[in-house]
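Written out below as structure tokens is the structure these notes cover.
The values are calculated or read from the model by the stated rules, or taken from the named source; none is laboratory data. If you're wondering where the values come from, they're calculated on a predicted model, not measured in any experiment. Cβ placement follows ideal geometry from the backbone for every residue including glycine, while neighbour counts extend to all protein chains displayed.
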């Protein structure tokens, strides 16, 4: 057994306690400190996880030699400053989603980690659930064939957030999952986002996101704070099989359908023509058993393993950046009333320059 | 009891037999003839509904004095020519969806019916189901309050149609229903449509349609031929209550949730400010009992009643036109790669003219 | 292709038309006549299936040489007399459930068919549905292992029948299915039946039937006319796997769970002891695809094939007798207030004689 | 605000921690001590609830003046001795289910509490869930009318208990709930129990319990350790409405169906006859909203309130006795191979004496 790595959790608000609890029971980690500006809150949390150190000054924390890594669970606008400081102090860093509040700041974090030889991990918790790990495995081994479409629905009567719209609140889950399961990650060229604010809340409460994927495939995300019923469902259509993930059905979360449509070329007068024959498969359905395991425990293990092996974690800073790019493009599409926008902002600017050039 | 009206069914293919069967048993109607170019097919159908006349020449049919109305169930490209002839012969007309294959031809049909004082009815069958009739009634009486959003899903492993894409195949159902239940009908200013053809079938097999409604509300339609599971669900969110229609759950098709979000104005320093308070309702759910009644029978009754009362039927030619306008705009948006397009084509042309003018 | 067998349907009431329609389109059969005391009813049915002969006198029908078999769909109390006559005239016979209104009369029918070398088939329609055929196949090939328990629920808001209780109305379905899928058929030594008549309808409207099976297994049937929700579910637990059949879920009627409990013997101090170790399997779930086929068509084919091959059909007279025995024992248990009674009535009498002898 | 009552929890095993946690946060209670023979276990629990006293000697605990009540969460065979001691020391007592391991010992506890003027409460936790409280309220106010039948299903792949069968493990939940919601409590005259042990585990793993109720109604309980699917459902049929409680559907736990059958007397020839007319109601369904509240918190409040008001708690010792009587009769019926047995054992003995007398 290798010696334990030592971690501190920065931020004792909503999410920090979950991280602290999991690191405190992980065989890979020793939780050494809780850091929060609010000493009472930090002490309360420290007591609940077995009496670790309490620190209110982050510089003091980062100066310590007995801390190998930090997990940052503070508001998004502080992620960049804290992560840069921590990386500069030689600590590995895990950051709660979203990675940063702007793409270029996230990029700076990723670059610093890279040149420093440190691990920067995005806290995409859902990716470590047994269901998502199994989906990734099935896609990797080719069980679904090529991906044709992904349709994700995450709707519920939800708390209207004061500072973010329904996309920034809920879609990071869908986007990080899609990024995780797609070989090569989520790299749409463009997207369109459609939001509705029918209550006059000053931000989208109902949202739809359309993401064209490579090869004519498409991903679609529906997020909604106003739905009286709760749905957490993702359908992933492939050339071989289609998978339905219903996260609210613990008795059958994953169903893999051997049903689908096959298009074949038809030889007409000895010439192969594009006029296709269509055939349908109506095969069995299969629901793989899933282990009962907490996602955060798996994520803590992956963080430790990536540090020990000197490799990027499964949800690395680049994954965080890809999700962030999509969220930023979403905001641009919304501002343009649902227009199709490129996901890479520089491409966007280039396009605008081209358009400008064309108009001249 | 008033004397029965006399009707002939034109077209004995897929849908005609359903119309013939319902008119033949309706107390309001006497079915007098089946008309089809294929005599065998017409005779087969005529025999199954009690031995009515068989006609292969539509002009001969329309020349008859003992026919008050015709129901047209032929391919969409023939609707215009047949309907115009029938109206010109003084017959009331019901036309299978879509009303016509182009908006201007549908408009000509509506105009001729209007000047002739004849009824032109769109065969929007779904609108006469007990579920949709109840939804319309609930919205009309204010049970839902103002409509905030409508989300409609109609997905299934479906037959890939040779001549139309998934929007023209499935969305007319959703659009005609939304048109029927919204006071004032479906009149979006603009829309965007996103389609995917991941199998290379030459047309969209997965489709999403975004329809901004008045007052910041939004309708969204998801149609899909590639889904292994069948979903027929519509969620209608209102300021007072939200309704979920699950057409595949015969034991509880409609659920009305007294749950939702209320935004209220807050008086700050004696001044009413837009800074809103948010409150949540978590009330009871109610599922109204629905009668067991076949929609086509209800539609036949409405056709007769509208003729007798000299009024437009509930799904009149204008309703058919509104659906057609949305389908045409859908095609334009798809051709423009998902761009937001105006629904009224003339507006579209005007916009283009403006753009052209601006570019000069 | 062998020549078609010729059949007549006796009884044109509720069920006869379904039989007539299926025989009329079966490639194995030629429907030659409809026989009913009510000539109008017989003629109406004959017209709907293509104009076959109409007969009102059953003796006249049975005297005909061009009839190989008859299907009897008349009230239960007439089954015995009609079947005996038909068998005596050398016709093969299919009889609607229940086989007869009393066990000894059913036995006489089976015996006459046997000595005459004719096929007597019980119309246990459910056994020919794709779901039940697949269940039988799975049990036969050992996929479930040994059967541990069968729990069948058939409840709905149902019509209170004037002449029979809820057991005789609904349980024949469950019993004939259990008889069909169990290797060796349904042969309980004893049973107990518990009925409730809380409305004072004069007969059981809610019923429970407990059937001990060989090897400590147990079958249980719940039938209910007073349930507001409809359930049609059978759970079949086996040593290897457990199967759940939900007939109201067309998207996943059958689910085979590789979950269960294993008991193993434990060697204690070198001696194998009955003190068992318990282990749990939590494996995958699998839902076999089922063809879309009408059960009555399959049953007509089996009737023809059994006649041609001179073998008993899958649901033969003996199967009908086994179901009848259980229904009769059910009535005896109900009369004895839920007491455990032997299924074989003669055993019952023997037991009583023994008890009497013991009391002397 | 009244002063808090002071309580100690005896037993720090499986259930004790839940009780301790709830009493420690209840406004009505001050948790003063944890008592367990195993000091380490007691100290571990005491630390987690804020550092209360630890006691290993129950006599020492009961001698304290600063303890008003005790909650006993030890093995069933110790309930009687501990409760008698506690009552004799003047403490109010709450006892985990079952009340005792034998009816006469439970009776002794109830009698001692009664003569001492102390509260003896049965820990029937389920009765304090929002769903069961609402069911009781609906029955009390007459919303369901007279009860016609109760059908309860509690099945799951469950742990085979070393010392009790599936009835003693699971049925106390159903029985305590039925006792709680029926006006007058659960008082069947007789019952029959049918158990199966198909794995040879030495005890029933599948069980059915039939309980005739007053007025021809019937309760039925199905408990099962071998089911691969989990069902927690109770159907309560009444003359006015029927209620379905699906505890695994958090979005709609309770459904009240205004559907049912009405029998009316029919006047024939001016004479009222029992031949009944049958009519059916097919009305709306209604699902009441339920508050989110932990049952144990409600139970702690009820315990405090009953002590302060000097009245029996809603689930008093008599309720515990009624459940115990049914469990004991269940064991007798199982031993008699499913025979109908009286619930009151003394009645049973009387019957046997009568039989004996009759046999002489």
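Summary table below
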{"quantity": "One residue from D:159, D:112 being in contact with a strand residue (DSSP E or B) (Cβ under 9 Å, 6 or more places away or on another chain), over 30 Å from residue C:227 (Cα atoms) and outside the structural domain of residue D:60 (by TED's automatic domain parsing)", "calculated": "D:159"}
{"quantity": "Condition check for residue C:55: over 17 Å from the mean Cα position of the chain (by Cα), buried (at least 22 other Cβ atoms within 10 Å of the Cβ) and farther than 13 Å from residue C:6 by Cβ", "calculated": "yes"}
{"quantity": "Selection from the stretch A:187-208 of residues that are within 21 Å of the chain's Cα centre (by Cα), closer than 21 Å to residue B:258 by Cβ and not in a strand (DSSP E or B)", "calculated": "A:205"}
{"quantity": "Selection count where residues are buried (at least 20 other Cβ atoms within 10 Å of the Cβ) and under 17 Å from residue C:93 (Cβ atoms), scope the stretch C:6-25", "calculated": "10"}
{"quantity": "Check on residue B:144, at pLDDT 95 or above and more than 16 Å from residue B:323 (Cα to Cα)", "calculated": "yes"}
{"quantity": "Search result, residues across the stretch A:5-36 that are in contact with a helix residue (DSSP H, G or I) (Cβ under 7 Å, 6 or more places away or on another chain) and farther than 19 Å from residue A:58 by Cβ", "calculated": "A:5, A:18, A:22, A:26, A:28, A:29"}
{"quantity": "Any hit, the stretch D:163-170, residues being in contact with a helix residue (DSSP H, G or I) (Cβ under 6 Å, 6 or more places away or on another chain) and within 9 Å of chain C (Cβ to nearest Cβ)", "calculated": "no"}
{"quantity": "Tally of residues being within 13 Å of chain A (Cβ to nearest Cβ) and more than 17 Å from the chain's Cα centre (by Cα) across the stretch B:133-154", "calculated": "6"}
{"quantity": "Yes/no for residue C:173 being within 11 Å of chain D (Cβ to nearest Cβ) and either out of contact with any strand residue (DSSP E or B) (no Cβ under 9 Å at 6 or more places or on another chain) or modelled with pLDDT of 95 or more (or both)", "calculated": "no"}
{"quantity": "Unmet criterion (only one of (1) more than 26 Å from residue A:206 (Cα to Cα); (2) in a strand (DSSP E or B); (3) assigned by TED's automatic domain parsing to the domain that holds residue A:183) for residue A:93", "calculated": "(3)"}
{"quantity": "Residue within the stretch C:55-74 that is more than 27 Å from residue C:107 (Cβ to Cβ) and touching a helix residue (DSSP H, G or I) at 6+ places or on another chain (Cβ under 6 Å) present", "calculated": "yes"}
{"quantity": "Residues that are under 24 Å from the mean Cα position of the chain (by Cα) and either within 12 Å of chain C (Cβ to nearest Cβ) or at pLDDT below 95 (or both), drawn from the stretch D:248-264", "calculated": "D:248, D:249, D:250, D:252, D:255, D:256"}
{"quantity": "Residue that is farthest from the other protein chains (Cβ to nearest Cβ), among those in the stretch B:301-341 that are part of a helix (DSSP H, G or I), touching a strand residue (DSSP E or B) at 6+ places or on another chain (Cβ under 6 Å) and more than 18 Å from residue B:192 (Cβ to Cβ)", "calculated": "B:307"}
{"quantity": "Top-ranked residue in the stretch A:183-194 [being touching a strand residue (DSSP E or B) at 6+ places or on another chain (Cβ under 7 Å) and over 20 Å from residue B:151 (Cβ atoms); ranked as nearest to the other protein chains (Cβ to nearest Cβ)]", "calculated": "A:190"}
{"quantity": "Which numbered condition residue B:267 misses (of (1) modelled with pLDDT under 75; (2) assigned to a helix (DSSP H, G or I); (3) within 24 Å of residue A:197 (Cβ to Cβ))", "calculated": "(2)"}
{"quantity": "Positions within the stretch C:195-208 being touching a helix residue (DSSP H, G or I) at 6+ places or on another chain (Cβ under 6 Å) and more than 7 Å from chain D (Cβ to nearest Cβ), in sequence order", "calculated": "C:195, C:204, C:205, C:207"}
{"quantity": "Within the stretch A:209-231, tally of residues that are within 22 Å of the chain's Cα centre (by Cα) and either buried (at least 20 other Cβ atoms within 10 Å of the Cβ) or more than 7 Å from every other protein chain (Cβ to nearest Cβ) (or both)", "calculated": "16"}
